[in-house]
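The values are calculated or read from the model by the stated rules, or taken from the named source; none is laboratory data. Just so we're clear, the structure is a prediction, and the values are computed from it rather than from any experiment. Note that we place each Cβ from the backbone using ideal geometry, even for glycine, and neighbour counts take in every protein chain shown. Side chains are part of the model used for accessible areas, which takes the heavy atoms of the whole protein and leaves out ligands, DNA and RNA. Shrake-Rupley method; radii C 1.70, N 1.55, O 1.52, S 1.80 Å.
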Amino acid sequence: MATLTMNTVSAFPPSPPSTSRNSQANSDDATSDIPIHSNKHLLKSYPLPPENGVKTVQPEDLKTPDAHVERDPRLIRLTGIHPLNCEAPLTALYNQGFLTNEDLHFVRNHGHVPDCLDEDILDWTFTIEGMVERPFTLTVRDLIGKYEQATYPVTLVCAGNRRKEQNMVRKSKGFSWGPAGLSTALWTGVPISDLLSQAKPIRGARYVCFEGADKLPNGYYGTSIKLNWCMSPDRGVMVAHKMNGCTLHKDHGKPVRIIIPGQIGGRSVKWLKRIIVTKEPSDNWYHIYDNRVLPTMITPEASANLPDVWKDEKYAIYDLNVNSATCYPQHDEMLSLDTHAKTYKVRGYAYGGGGRRITRVEVTLDKGRTWRLANIDYPEDAYRNAPDGDTLYGGRMDVWWRETCFCWCFWELDIQISELENSADICIRAMDEGLMTQPRDMYWSVLGMMNNPWFRVAIHKED
Ligand code: MTE
């Protein structure tokens with residue numbers, strides 16, 4: 001029986017793309033896999049997350065400081081047992097639809113998970129301090145009880161998403177994420193601008209630093225972003241205490257964390273203890289030696305002796321870059337050529353950064369000589385167009401009027417199986433509204449971050 005085997009592969013072999021033909025319209029009968037649940041309390045229907053399953057403490061965690069954390073065994077651990085860094089199998093993530101429940105949400109922990117018991121949640125405190133007229137300390141009780149709440153979906157993406165492809169070309173200093181280092185959840189909390197407005201930043205303040213409760217070998221985990229991003233509705237920075245309507249899972253920051261849409265996940269500090277308004281970017285070790293894209297010629301060995309390069313803020317990364325991945329065909333998927341089906345639905349996800357919307361996803365079967373347009377579905381739009389007054393999980397969805405996109409979108413394209421049979425690979429690239437697109441070639445860097453070349457699936461024909 002003749003079959004096609006499809007493999008997700010790393011770097012694309014160089015071959016000059018031609019500009020002869022550009023796009024070709026495709027079927028517009030896009031069917032969505034996203035379940036739409038209706039909720040009587042809402043004016044409109046919104047996609048809701050799949051329910052959480054029952055989780056238990058995993059045997060391998062018992063002898064670690066995380067022995068108090070219940071987890072789903074389907075998560076793929078990427079750095080051994082401890083600390084937990086994991087992603088879901090890509091198709092399991094995709095099949096959950098637009099929203100991911102806490103069971104399959106990726107986790108990036110630099111160290112142990114701080115233990116906050118249910119009975120202590122409301123008494124957890126964090127501060128707003130630094131260059132402000134009125135510094136104050138807030139409990140989670142105050143955060144929930146004294147401020148207007150907002151709920152909206154945000155796709156968090158680890159800057160290491162797709163790093164495995166870089167490591168296959170040349171080992172970076174980071175561990176190998178596949179393309180499932182991202183997840184989308186409904187976050188409920190308070191816009192950080194409301195807290196900062198109350199604290200009143202003073203003249204000269206430009207940055208906001210965040211610090212978590214996890215004490216690591218180089219101090220508490222911390223980082224910073226710009227003050228004006230925190231104040232902008234288009235950026236949607238939130239202090240969150242609920243994920244998909246529930247108290248935050250321990251791995252995701254219980255009881256309170258920062259959520260920064262459109263930026264790398266590393267800025268969304270979990271187990272929040274301090275918000276510090278400053279003149280300069282954070283001097284936290286993890287702000288300087290993590291989440292950067294250094295120039296490509298800097299090797300892991302050389303980088304150890306270049307403190308000035310690490311400290312150069314221009315290499316710090318904030319907004320996500322445009323990216324996409326193919327979820328079907330899955331890695332090693334076999335397609336029998338003896339079936340009656342004439343077409344195969346190639347499909348996957350895409351996202352932009354900084355709130356920019358994906359405007360096209362293109363597919364090539366001939367290494368970039370010709371491209372065809374995939375159909376795009378943006379489930380997030382249901383939330384962005386929320387009618388006045390609609391609330392979900394106690395948070396207003398219309399709290400901000402914004403043009404920006406905070407989430408991933410889905411694309412799909414029917415391809416004739418006969419065409420796949422005669423192609424060596426399927427390559428995908430997305431483009432955002434700023435016309436930023438994925439490059440053909442990889443930009444390797446020492447931390448292996450922001451990897452976003454065309455996503456390539458190789459096809460092997462066997463008779
Ligand atoms: N916050 C603290 N306090 N400690 C951490 O290790 N990891 C960061 C960020 N916030 C981290 C943190 C990184 S690198 C990422 S990608 C996101 O959390 C991941 O969030 P998640 O684990 O909830 O998916």
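Restricting the search to the range 161-180, which residues are within 15 Å of the ligand (Cβ to nearest atom), among the hydrophobic types (A, V, I, L, M, F, W, C) and open to solvent by 10 Å² or more (accessible area, probe 1.4 Å)?
Phe175
State whether one or more residues within the range 342-362 are hydrophobic (A, V, I, L, M, F, W, C), away from the ligand (no atom under 16 Å from the Cβ) and either open to solvent by 30 Å² or more (accessible area, probe 1.4 Å) or modelled with pLDDT under 95 (or both).
Among the residues of the range 342-362, not one is hydrophobic (A, V, I, L, M, F, W, C), away from the ligand (no atom under 16 Å from the Cβ) and either open to solvent by 30 Å² or more (accessible area, probe 1.4 Å) or modelled with pLDDT under 95 (or both), which makes the answer no.
When Tyr286 is evaluated against the numbered criteria (1) farther than 21 Å from Lys146 by Cβ; (2) modelled with pLDDT under 95; (3) touching a strand residue (DSSP E or B) at 6+ places or on another chain (Cβ under 9 Å), which criterion, by number, is the only one it fails?
Going through the list (1) farther than 21 Å from Lys146 by Cβ; (2) modelled with pLDDT under 95; (3) touching a strand residue (DSSP E or B) at 6+ places or on another chain (Cβ under 9 Å), Tyr286 breaks only (2).
Residues that are open to solvent by less than 30 Å² (accessible area, probe 1.4 Å) and not hydrophobic (A, V, I, L, M, F, W, C): does the range 126-135 have at least one?
Within the range 126-135 (the criterion being open to solvent by less than 30 Å² (accessible area, probe 1.4 Å) and not hydrophobic (A, V, I, L, M, F, W, C)), the answer is no, since none of the residues qualifies.
If you check Thr223, Thr137, which single one turns out to be away from the ligand (no atom under 12 Å from the Cβ) and more than 22 Å from Thr326 (Cα to Cα)?
Thr137
Is there any pair with a first residue in the range 44-63 that is over 30 Å from Arg384 (Cβ atoms) and a second that is part of a strand (DSSP E or B) whose Cβ atoms are under 6 Å apart and which are 6 or more apart or on different chains, and what are they?
Short answer, once both residue conditions are applied: Lys55/Glu70; Lys55/Arg71; Thr56/Glu70; Val57/Glu70; Gln58/Arg71.
Is one or more of the residues making up the range 181-195 open to solvent by 10 Å² or more (accessible area, probe 1.4 Å) and over 19 Å from Lys270 (Cβ atoms)? Even if it seems obvious, please write down each step before you answer.
Taking the range 181-195 as the starting set, the residues that turn out to be open to solvent by 10 Å² or more (accessible area, probe 1.4 Å) are 193-194.
With over 19 Å from Lys270 (Cβ atoms) added as a condition, the list becomes 193-194.
Yes, the range 181-195 has at least one match.
Going by the structure shown, is Ser232 of a type in the set (Gly, Ala, Ser), within 16 Å of the ligand (Cβ to nearest atom) and either within 28 Å of Pro201 (Cβ to Cβ) or crowded, with 16+ Cβ neighbours inside 10 Å (or both)?
Criteria not met by Ser232.
Name, by its number, the condition in (1) within 16 Å of the ligand (Cβ to nearest atom); (2) touching a residue at least 24 places away in the same chain (Cβ under 8 Å); (3) open to solvent by less than 30 Å² (accessible area, probe 1.4 Å); (4) under 22 Å from the mean Cα position of the chain (by Cα) that does not hold for Leu248.
Condition (2) is where Leu248 drops out.
Of all residues in the range 146-160 being more than 17 Å from the chain's Cα centre (by Cα) and in a loop (DSSP other than H, G, I, E, B), which is nearest to the ligand (Cβ to nearest atom)?
Gln149
Looking at His287, is it within 16 Å of the ligand (Cβ to nearest atom) and surrounded by 13 or more Cβ atoms within 10 Å (Cβ to Cβ)?
On the way: within 16 Å of the ligand (Cβ to nearest atom): yes; surrounded by 13 or more Cβ atoms within 10 Å (Cβ to Cβ): yes.
In short, yes.
Give the range 251-279 a look and list any residue that's near the ligand (Cβ under 7 Å from one of its atoms) and small (Gly, Ala, Ser), or say none.
The answer is Gly253, Gly265, Gly266, Ser268.
Only residues in the range 393-421 that are in contact (Cβ under 8 Å) with a residue 40 or more places away in the chain and more than 24 Å from Val157 (Cα to Cα) count as the first member; pair them with residues that are open to solvent by 30 Å² or more (accessible area, probe 1.4 Å) and among the β-branched types (Val, Ile, Thr), Cβ under 7 angstrom, at least 6 apart or cross-chain, and list the lot.
Asp414/Thr343; Ile415/Thr343; Gln416/Thr343; Ile417/Thr343
When the residues of the range 200-212 are narrowed to those that are in a loop (DSSP other than H, G, I, E, B) and more than 22 Å from Ala150 (Cβ to Cβ), which ends up farthest from the ligand (Cβ to nearest atom)? Break it down into steps so the answer makes sense when it comes.
Here is the first cut: in the range 200-212, the ones in a loop (DSSP other than H, G, I, E, B) are 200, 202-206.
When the remaining residues are screened for being more than 22 Å from Ala150 (Cβ to Cβ), the result is 202-206.
Working: Ile202: 27, Arg203: 30, Gly204: 27, Ala205: 23, Arg206: 22 Å.
If we take residues in the range 200-212 being in a loop (DSSP other than H, G, I, E, B) and more than 22 Å from Ala150 (Cβ to Cβ), then Arg203 is farthest from the ligand (Cβ to nearest atom).
Please give the number of the condition Val190 fails out of (1) assigned to a strand (DSSP E or B); (2) within 29 Å of Ala302 (Cβ to Cβ); (3) away from the ligand (no atom under 16 Å from the Cβ); (4) not hydroxyl-bearing (Ser, Thr, Tyr).
(2)
Taking the range 371-386, which residues are in a loop (DSSP other than H, G, I, E, B) and surrounded by fewer than 18 Cβ atoms within 10 Å (Cβ to Cβ)?
Within the range 371-386, Tyr378, Asn385 meet the criteria.
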